[in-house]
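Input: a single structure, listed below in structure tokens.
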Amino acid sequence: MIAVRRAELNDVDAVRQIGLSTWPVAYAGLVPQDFITDGLAQWWSPEAVERGISKGITLVAAYQDELVGMVGLGRQDDYWVMWKLYVLPDHQGKGVGKALLDAAIAALPEGTPELLLDVLVANEQAIGFYRSQGFIEPTRTPDRDLGDDLMWMAIDLDRT
Ligand SMILES: CC(C)(COP(=O)(O)OP(=O)(O)OC[C@H]1O[C@@H](n2cnc3c(N)ncnc32)[C@H](O)[C@@H]1OP(=O)(O)O)[C@@H](O)C(=O)NCCC(=O)NCCS
């Protein structure tokens, strides 16, 4: 059974470990090694992970006392953006990503119209997953240049 809960400050090490273990496997061959090294240093530092827990929304998925996945969301302009969604390689394809995504959407403030995310254009596995969950190309995006390697996707949350 997968249990998804809000991350706490004493989860920082375990949350970091999910990124440190998942990035090299997920991104090998998709991006230069520098991107992985620099990204882990920038986005998965203890400070960055701690900020995500205290200032954004960070949820973790626990399986038998082990944290096997995480999702991190934050504000950008007027939008909510899912900056991180990672499941440990050995636990992918078992519903953990979907459980985290569903819980992340449920954790957003009521009335949030859409959820955006950024994904590597070369990450076909993740893009396929996001499409299967209803994400499409957004009609409007935050005012932030993602560069050529990343793209925005969005899901409409207006259920009226
Ligand atoms: C992408 C990721 C978060 C998905 O999580 P996951 O736990 O592996 O996916 P799930 O098992 O929850 O998949 C749920 C559903 O999505 C579908 N799905 C998953 N990947 C898919 C793909 N590539 N194409 C189509 N559908 C896909 C599954 O069939 C499943 O549907 P079902 O419930 O009807 O069987 C995870 O694989 C991961 O961490 N990958 C590596 C890191 C990464 O790329 N993260 C995203 C960065 S932007």
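Here are some notes:
- A residue that is among the aliphatic types (A, V, I, L, M) and under 20 Å from Val119 (Cα atoms) occurs somewhere in region 7-18.
- Selected residue (criterion: nearest to the ligand (Cβ to nearest atom)) from residues of region 52-66 that are in a strand (DSSP E or B) and open to solvent by less than 30 Å² (accessible area, probe 1.4 Å): Ala61
- Matching residues in region 51-96 - criterion: being closer than 21 Å to Ile2 by Cβ and of a type in the set (S, T, N, Q): Thr58, Gln64, Gln92
- Any pair with Cβ under 6 angstrom, 6 or more apart, that starts in region 124-138 at a residue that is among the small types (Gly, Ala, Ser) and ends at one that is within 7 Å of the ligand (Cβ to nearest atom): Ala126/Val119
The values are calculated or read from the model by the stated rules, or taken from the named source; none is laboratory data. Predicted model, so just to flag it, every value in this text is computed and none were measured. Note that we place each Cβ from the backbone using ideal geometry, even for glycine, and neighbour counts take in every protein chain shown. Accessible surface is based on the protein model in full, side chains and every heavy atom, while ligands, DNA and RNA are left aside. Shrake-Rupley method; radii C 1.70, N 1.55, O 1.52, S 1.80 Å.
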